[in-house]
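The values are calculated or read from the model by the stated rules, or taken from the named source; none is laboratory data. All values reported here derive from a predicted model rather than from experimental measurement. Because the Cβ atoms are built from the backbone with ideal geometry, glycine has one as well, and the counts that use them run over all protein chains shown. When the accessible area is computed, the model is the full protein with side chains, heavy atoms only, and any ligands, DNA or RNA have been set aside. Shrake-Rupley method; radii C 1.70, N 1.55, O 1.52, S 1.80 Å.
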Amino acid sequence: MGIPVVVLTLLLAAVILAAAVPKVVGQAQMRERMAHLGVSPARTQLIGGLELLAVAGLLLGLLWWPIAVAAAVGLTLLLIGAASYHARAKDPIPAVLVPVVFAVAAAVLAVLHVLNA
């Protein structure tokens, strides 16, 4: 496993963890932001839980690459969904592009794991 895989894994895990925790604990500001997107509090917590699972999968994937590939693919799909919700809410372009950038990073991570296997 190369340094780029480890660095990208740790960066993605940190960013996604920072986004997941406020969703899971029901932080008021996060509930408002998600309500703006049309996402219920229950679904917000579900998304946060899926993000936490993705973080765990990415980190465990440093030990066994198939877990990382599954987590990275799932995270890619979740982030594409986030971008579509932002676009549907007519959010500014940067708000739409942030999840797209991280989706691309997650997809790249999956490919790197496969190539390094």
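Per-structure values
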item	result
Highest average packing first - 1-14, 58-71, Cβ atoms within 10 Å	58-71, 1-14
Surface/4 of the Cα convex hull for the chain, nm²	6.5
Exposure ranking of His113, His86 by accessible area [1.4 Å probe, largest first]	His86, His113
The chain: calculated mean residue ellipticity at 222 nm from DSSP helix runs of at least 4, using -39500 (n - 2.57)	-29500 deg cm²/dmol
Per residue, in Å², the accessible surface of the chain once ligands and nucleic acids are set aside, probe 1.4 Å	56
Simple spin-label estimate for Leu53 and Arg33 in nanometres, 7 Å along Cα-Cβ	2.2
Extension reserve of the Ala117-Ala87 stretch, reckoned as 0.36 nm per residue once the Cα distance is removed	7.2 nm
Residues listed by number, region 54-92, amide nitrogen under 20 Å from Val21 label point at 7 Å toward C-beta	54-60
Gain upon complete extension [Val100, Ser40; 0.36 nm per residue less C-alpha separation]	19.4 nm
